[in-house]
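Novice: Below is a structure I'd like to ask you about.
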Amino acid sequence: MPWVIRDVVKDLNKAVTRRWHSLDPLLPEPSDLPEGCAPPLLALGENSNGLAVCRHEHVAADTLAQTWGAATKFILSVRLRETDVNPALDDLLTQWREHLAGQPEAEQDDTAAIVNWPARDVTGVPALLRHGLQPMSVVAVRPAGRPIPAASTAPPEGLVIRPASPADLDVVTELEMGVVRYDAHFGGSIPRPATGALVRADTQAALAQRPGWTWLAEQDGRPVALTVVEPPAAAAWIANMTRPGATAYLQNMFVRPGERGGGIGAALVRQVNAELDARGIDLTLLHYAQVNPLSVPFWHQMGYRPLWTAWEARPALVLR
Ligand SMILES: CC(C)(COP(=O)(O)OP(=O)(O)OC[C@H]1O[C@@H](n2cnc3c(N)ncnc32)[C@H](O)[C@@H]1OP(=O)(O)O)[C@@H](O)C(=O)NCCC(=O)NCCS
């Protein structure tokens, strides 16, 4: 990035930090902008009012990342300094649509145009909607110690919650696949031919390398629910989406269909939250699909609240 632009970004980032933190103290400072596929898009002709950078990401078929989104992603990073960002964002999204229209790879089906937007930055929402973007998924956050209201449903008697071990590989893999299948209803996941094998390999590695970060709930000796957490060392890929601190990522949560609504999920997450607090985790992040009717109310009751919304157009040229 040329130094003139770098200086503009530095100055913009200071203003954006102030704005973001007045909206939500759990947002990070804006990161340096990525190297874009083209020079930055400038908002409303004013070089210093705001800009955006488009990055093209090709997600390899042999990675689990392709199960959690499109194979080709066009990601727009936006920095705007105004209190009301709507006109400038509208302008940037118009320019972005023109840019994508000139990209042959954006015409393919397995593509997404993505803007990660601070959930509480509501003045941008009309522009995102007007350009055909949909709120697909949310990154939610729970700061350590956040209290959970008392449960109205007591967990079933005899529920045992224990750390999973490498010997639990089959059942942990099966429960993890349950989330992949359920989230597919909302576009949160896109099951691929390789997904089953990749989930199993990832689970095997996690159980071996990170003992104590996967929990099973058992009823009469039968595993009925699962929670998987990435400790800070494994969660670095997402930690910069919140303020600095020891950040974990709650990667997976599943209760078997016939066992839901009876307090098992809440009992498991209560215990996991308490263990994360005891281990010195400052912030825990997780994803949920915006229209998942089970997980949205569940996570809000469990102390997690929206931090970012991923707005997507799929395929990418649905963007208007
Ligand atoms: C989300 C999920 C883990 C919740 O587990 P659960 O054992 O059903 O949750 P609980 O019974 O402990 O319910 C906790 C709260 O969530 C709400 N809730 C959960 N399931 C509900 C249901 N089927 N009907 C009504 N409310 C429900 C209730 O408000 C309940 O609050 P309460 O304790 O005040 O009654 C479970 O529904 C699930 O596995 N869903 C499919 C996979 C999924 O969505 N995973 C999360 C991906 S982000």
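Novice: Collect the residues in the range 239-260 that are of a type in the set (S, T, N, Q) and crowded, with 16+ Cβ neighbours inside 10 Å, keeping them in residue-number order.
Specialist: Across the range 239-260, the qualifying residues are Thr242, Thr247, Gln251, Asn252.
Novice: Name every residue in the range 31-84 that is under 22 Å from the mean Cα position of the chain (by Cα), free of Cβ contacts under 8 Å to residues at least 12 places away in the same chain and not in a helix (DSSP H, G or I), in order of residue number.
Specialist: Taking the range 31-84 first, the residues under 22 Å from the mean Cα position of the chain (by Cα) are 31-36, 52-80.
With free of Cβ contacts under 8 Å to residues at least 12 places away in the same chain added as a condition, the list becomes 60, 65.
Residue satisfying the conditions is Ala60 alone.
Novice: Would you point out which residue out of Ala61, Ala101 is among the small types (Gly, Ala, Ser) and in contact with a Pro (Cβ under 9 Å, 6 or more places away or on another chain)?
Specialist: Ala61
Novice: If you don't mind, there's one more thing I want to ask. Of the conditions (1) closer than 30 Å to Ile75 by Cβ; (2) in contact with a Ser or Thr (Cβ under 7 Å, 6 or more places away or on another chain), Leu133 clears all except one; give me its number.
Specialist: Condition (2) is where Leu133 drops out.
Novice: Right, here's the next one. Taking only the range 220-238 into account, find how many residues are without any contact (Cβ under 8 Å) to a residue 40 or more places away in the chain, surrounded by 15 or more Cβ atoms within 10 Å (Cβ to Cβ) and not in a loop (DSSP other than H, G, I, E, B).
Specialist: Number of matching residues: 1.
Novice: Which residues, counting only those in the range 198-219, are surrounded by 15 or more Cβ atoms within 10 Å (Cβ to Cβ), assigned to a helix (DSSP H, G or I) and among the small types (Gly, Ala, Ser)?
Specialist: Correct list: Ala206 only.
Novice: In this structure, does Gln271 turn out to be more than 9 Å from the ligand (Cβ to nearest atom) and either part of a strand (DSSP E or B) or crowded, with 21+ Cβ neighbours inside 10 Å (or both)?
Specialist: Criteria not met by Gln271.
Novice: Further question on the same structure: What pairs can you find where one residue is in the range 246-262 and without any contact (Cβ under 8 Å) to a residue 60 or more places away in the chain and more than 7 Å from the ligand (Cβ to nearest atom), the other is basic (Lys, Arg) and not in a strand (DSSP E or B), and their Cβ atoms are less than 6 Å apart, with a gap of 6+ or different chains?
Specialist: Matching pairs, first to second residue: none at all.
Novice: Step by step: first the residues of the range 280-316, then only those that are among the aromatic types (Phe, Trp, Tyr) and part of a strand (DSSP E or B), then the one that is nearest to the ligand (Cβ to nearest atom). Which residue is that?
Specialist: Tyr288
Novice: So, one more: Pairs needed: first member in the range 267-281, under 16 Å from Met253 (Cβ atoms); second member anywhere, within 16 Å of the ligand (Cβ to nearest atom) and modelled with pLDDT under 95; C-beta distance under 6 Å; at least 6 residues apart or different chains.
Specialist: Correct list of pairs: Ala267/Pro155.
Novice: Kindly provide the set of residues from the range 284-299 that are in contact (Cβ under 8 Å) with a residue 24 or more places away in the chain and either touching a Pro at 6+ places or on another chain (Cβ under 6 Å) or farther than 18 Å from Ile148 by Cβ (or both), ordered by number.
Specialist: Once the filter is applied, which keeps residues that are in contact (Cβ under 8 Å) with a residue 24 or more places away in the chain and either touching a Pro at 6+ places or on another chain (Cβ under 6 Å) or farther than 18 Å from Ile148 by Cβ (or both), the range 284-299 yields His287, Ala289, Gln290, Val291, Asn292.
Listed here are the residues, each with its yes/no results for (1) more than 9 Å from the ligand (Cβ to nearest atom); (2) exposed (fewer than 14 other Cβ atoms within 10 Å of the Cβ); (3) of a type in the set (Asp, Glu).
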| position | (1), (2), (3) |
| --- | --- |
| Pro156 | yes, no, no |
| Asp168 | yes, no, yes |
| His185 | yes, yes, no |
| Thr195 | yes, no, no |
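The values are calculated or read from the model by the stated rules, or taken from the named source; none is laboratory data. Note that the structure is predicted; figures quoted are calculated from it, not measured. A quick note on method: Cβ atoms are made from the backbone with ideal geometry, for glycine too, and the neighbour counts reach across all protein chains shown.
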